[in-house]
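Notes follow once the structure below has been shown.
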Amino acid sequence: MKPDYQNWVPKPMVAGLWAGTAIAFILFVLFGATGLILHGTARLVCALVLGIGTLVLLFFSVWMTSLYRAFDYDGKRKMAKTIIDGTAKHVKLPHGGMGLDVGCGSGALTIACAKRNPKASMVGCDIWSGAYKAVFSQKRCEDNAKAESASNVRFQEGNAMHLPFADESFDAVTSNYVYHNITGVNKQQLLLETLRVLKKGGTFAIHDLMGKARYGDMDAFIRKLKEEGYSEVRLIDTTDGTFMSKKEAVWLGLGGSTLLVGKK
């Protein structure tokens, strides 16, 4: 049995964009380019509107296809695996310890951390709703864990904004590309909510799009954590070749990809 971690870019979305592009182009030809149906000003207006619409849809079709191929677990680039493995290596669990993966999706990071820490256990939580409900679910996580022979994991519902766990419950916390999807919420507050459930001495590895526009002043945030007693906190720019190149990050819309790691 092979694990199926899915792709965070839904395949039906990509197919729908290409279908929309094809339809827009056909309409452009019929109503704007050839003059088979419309003439004069009406034809020129349709040519302009449908031509621009076709180009816009073509751009997004190419872009989303590039994202899909980059994150495809069975593809050549395998960026998702690179990010998962690179994040998991920062998660250190003591013998008998327990870690938490926030927004676990299909369970990839949860399982990777569990396999790297076989004498400990991992909990993956997610709300499994919204745009990703069709591809990510608790059952998919559990099926993937079985496929990977990872018996030291479990999954449950849990909202990143209000985690259903007591303070200092886990020896490590992690997350990957989750918080930027949560709109209308201060991202630093989301980080603090995740760190709330981390035990003193525990480690953390949180990967997300941490540009200033989304996250604010992260240098000030790090200083605040250190003032509160965190023994280690640092930011790793993962677009410097760690997970991807600068050019790749810009084209895929992943600029600001950063790994926040440290010890409480």
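Tabulated data
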item: Scan of region 82-137 for residues that are farther than 28 Å from R69 by Cβ and of a type outside the set (A, V, I, L, M, F, W, C), ordered by number; result: K92, P94, H95, G96, G97, G99, N117, P118, K119, S121
item: Qualifying residue in region 187-202 (condition: under 18 Å from the mean Cα position of the chain (by Cα) and on the phi > 0 side of the Ramachandran plot); result: no
item: Residue list for region 1-16, filter: over 10 Å from F71 (Cα atoms) and among the aliphatic types (A, V, I, L, M); result: M1, M13, V14, A15
item: Residue list for region 151-180, filter: of a type outside the set (A, V, I, L, M) and either free of Cβ contacts under 8 Å to residues at least 12 places away in the same chain or assigned to a loop (DSSP other than H, G, I, E, B) (or both); result: S151, N152, G158, P164, F165, D167, E168, S169, Y177
item: Residues of region 155-170 that turn out to be open to solvent by less than 30 Å² (accessible area, probe 1.4 Å) and either among the acidic types (D, E) or closer than 18 Å to Y132 by Cβ (or both), as a count; result: 3
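So that you can scan it fast, the table gives a plain yes or no per residue for (1) at pLDDT 95 or above; (2) open to solvent by 30 Å² or more (accessible area, probe 1.4 Å):
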residue	(1), (2)
C113	yes, no
N117	yes, no
A120	yes, no
S129	no, yes
V135	no, no
E142	yes, yes
A145	yes, no
V153	yes, no
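Here is a yes/no grid of residues against (1) open to solvent by 10 Å² or more (accessible area, probe 1.4 Å); (2) at pLDDT 95 or above; (3) touching a helix residue (DSSP H, G or I) at 6+ places or on another chain (Cβ under 9 Å):
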residue: T183; (1), (2), (3): yes, no, no
residue: L195; (1), (2), (3): no, yes, yes
residue: K199; (1), (2), (3): yes, yes, no
residue: A213; (1), (2), (3): yes, no, no
residue: G229; (1), (2), (3): yes, no, no
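This table checks each residue for (1) out of contact with any strand residue (DSSP E or B) (no Cβ under 8 Å at 6 or more places or on another chain); (2) touching a residue at least 24 places away in the same chain (Cβ under 8 Å); (3) in a helix (DSSP H, G or I); (4) β-branched (V, I, T).
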{"site": "G184", "(1), (2), (3), (4)": "yes, no, no, no"}
{"site": "G201", "(1), (2), (3), (4)": "no, yes, no, no"}
{"site": "D208", "(1), (2), (3), (4)": "no, yes, no, no"}
{"site": "Y230", "(1), (2), (3), (4)": "no, yes, no, no"}
{"site": "D240", "(1), (2), (3), (4)": "yes, no, no, no"}
{"site": "V250", "(1), (2), (3), (4)": "yes, no, yes, yes"}
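Results for (1) under 29 Å from L191 (Cα atoms); (2) under 19 Å from the mean Cα position of the chain (by Cα); (3) in a loop (DSSP other than H, G, I, E, B), shown as yes or no for each residue.
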| position | (1), (2), (3) |
| --- | --- |
| L30 | no, no, no |
| I37 | no, no, yes |
| V56 | no, no, no |
| M64 | yes, yes, no |
| Y68 | yes, yes, no |
| T87 | yes, yes, no |
| L93 | yes, no, yes |
| G96 | yes, no, yes |
| L109 | yes, yes, no |
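The values are calculated or read from the model by the stated rules, or taken from the named source; none is laboratory data. No experiment lies behind these values; they were computed from the predicted model shown. With ideal geometry, Cβ positions are generated from the backbone for all residues, glycine too; neighbour counts draw on all protein chains shown. For the accessible areas, the whole protein counts, side chains as well, though only heavy atoms, and no ligand, DNA or RNA atoms are used. Shrake-Rupley method; radii C 1.70, N 1.55, O 1.52, S 1.80 Å.
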